[in-house]
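Asker: Take a look at the following structure, please.
The values are calculated or read from the model by the stated rules, or taken from the named source; none is laboratory data. Everything numeric here is computed off the predicted structure, so don't read it as measured data. Glycine also receives a Cβ, built like all others from the backbone with ideal geometry; neighbour counts cover every protein chain displayed.
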Amino acid sequence: MVDRPPLVSLLRALEELIKKPRRYRPGTVALREIRKYQKNTELLIRKLPVQRLVREIAQLLKHDMRFQSHAVLALQEAAEAYLVGLFEDTNLCAVHSKHVTIMSKDVQLARRIRGERL
C-alpha cells in the first residue's frame, strides 16, 4: 500500500500555491486615486448631464437661449475647478478639526472663510 501524506498537509501546500490578492492598508488606495486624479486634467463629470443642467438654469433666465459647445465646456471647466478648490479647502478644514472624513460643516466653514454666501 502507498503511503499518502495527510489531507491537512496537502491543503496547506495548495494554499501556498494559490496566491492571495494583495491587501492594502486603509487609505492607501484612496491616496493612490487622489494622486492619479491630481495628475490628469480630464473632466471628471460627464458632459451631457452638465449640458442639461446648464440649459435648465438658462431656461429659468430666458427662453430659447442657445449655446456654443465650447461655451458649455468652458462652464464645465470652471465648475469643476471651483469644486476641486472647494474640496481642497474643505479637506484642510477637516484636517484642522482632527477628523479624516469631510462633513457639511467643513464645506460651510471653507465657504465662510472664502467669503462666499451660504
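Asker: Does Val54 qualify as being closer than 22 Å to Thr41 by Cα, assigned to a helix (DSSP H, G or I) and without any contact (Cβ under 8 Å) to a residue 60 or more places away in the chain?
Answerer: Criteria met by Val54.
Asker: Looking at Ala58, Ala71 in this structure, which one is of a type in the set (Gly, Ala, Ser) and surrounded by 12 or more Cβ atoms within 10 Å (Cβ to Cβ)?
Answerer: Only one candidate qualifies: Ala58.
Asker: Just checking, does segment 80-88 include any residue being surrounded by 10 or more Cβ atoms within 10 Å (Cβ to Cβ) and over 15 Å from the mean Cα position of the chain (by Cα)?
Answerer: Looking for residues that are surrounded by 10 or more Cβ atoms within 10 Å (Cβ to Cβ) and over 15 Å from the mean Cα position of the chain (by Cα), one finds none in segment 80-88, hence no.
Asker: Step by step: first the residues of segment 31-48, then only those that are in a loop (DSSP other than H, G, I, E, B) and among the β-branched types (Val, Ile, Thr), then the one that is nearest to the chain's Cα centre (by Cα). Which residue is that?
Answerer: Looking at the filtered set, the residue picked out is Ile45.
Asker: Just checking, does segment 11-30 include any residue being assigned to a helix (DSSP H, G or I), more than 17 Å from the chain's Cα centre (by Cα), at pLDDT 95 or above and exposed (fewer than 10 other Cβ atoms within 10 Å of the Cβ)?
Answerer: no
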